[in-house]
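Peer 1: Submitted below is the structure of interest, expressed as structure tokens.
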Amino acid sequence: MFKTEKTVGDELSTLAHDAAQTAERAAQTARNGIGQGLHEASNGLDHARSETGNALRQLASESDALLHRGLDKVRDASGQLREKSLHAKDAATTYIQHEPMKSMLMAAAVGAGLMALVALFSRNHHSGR
């Protein structure tokens, strides 16, 4: 009879020991899973950071290229405008030299037209008050 009590006690002790080992293994598995999950999350964040940096560098490079192309276009347009204005000036100078009387009459007509516009607007401006 005494042996049966010892056997039951031994059985309970063994069961408790096995339960503790199973709980320890479960806890270790959970720790390993959490560690693996954190490692994978860290790798994912590192990859995302790298991709974001690459995308920003590419965007900056493309923006810089676009800026330079725009500046080149403005420079070209400015040069063309300068050439056209010089050509117009030369053409006007040549016309004035060859047709001085017509040039003087056209200038007087343009001046009179501008004065009429100024007078008209100043009258409208004063009567609008």
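The values are calculated or read from the model by the stated rules, or taken from the named source; none is laboratory data. The model shown is predicted, which means the values in this text are computed figures rather than measured ones. For accessibility, only protein heavy atoms count, side chains too; no ligands or nucleic acids. Shrake-Rupley method; radii C 1.70, N 1.55, O 1.52, S 1.80 Å.
Peer 1: Taking only Cα atoms, what is the 0 to 90° angle, nearest 10, from helix 2-98's long axis to the longest principal axis of the chain?
Peer 2: 10 degrees
Peer 1: Provide the per residue accessible area, probe 1.4 Å, for the range 20-129, rounded to a whole number of square angstrom.
Peer 2: On the way: 9510 Å² over 110 residues.
Per-residue accessible area for the range 20-129 comes out at 86 Å².
Peer 1: Between rounded, prolate and oblate, where does the chain land on the alpha carbon gyration tensor, with a ≥ b ≥ c its root eigenvalues, rounded for a/c under 1.5, else prolate if a/b exceeds b/c? Present the calculation step by step, with values, prior to reporting the outcome.
Peer 2: Values: a/c = 24.17, a/b = 4.14, b/c = 5.84.
Oblate, because a/c is 1.5 or more while a/b does not exceed b/c.
Peer 1: Can you tell me the orientation of helix 100-127 relative to the chain, as the angle in degrees between its alpha-carbon axis and the longest Cα principal axis, to the nearest 10?
Peer 2: For 100-127 against the chain, the angle is about 60 degrees.
Peer 1: Report in % the part of the accessible area of the chain that belongs to carbon and sulfur, leaving out ligands and nucleic acids; probe 1.4 Å.
Peer 2: Carbon and sulfur atoms account for 65 percent of the accessible area of the chain.
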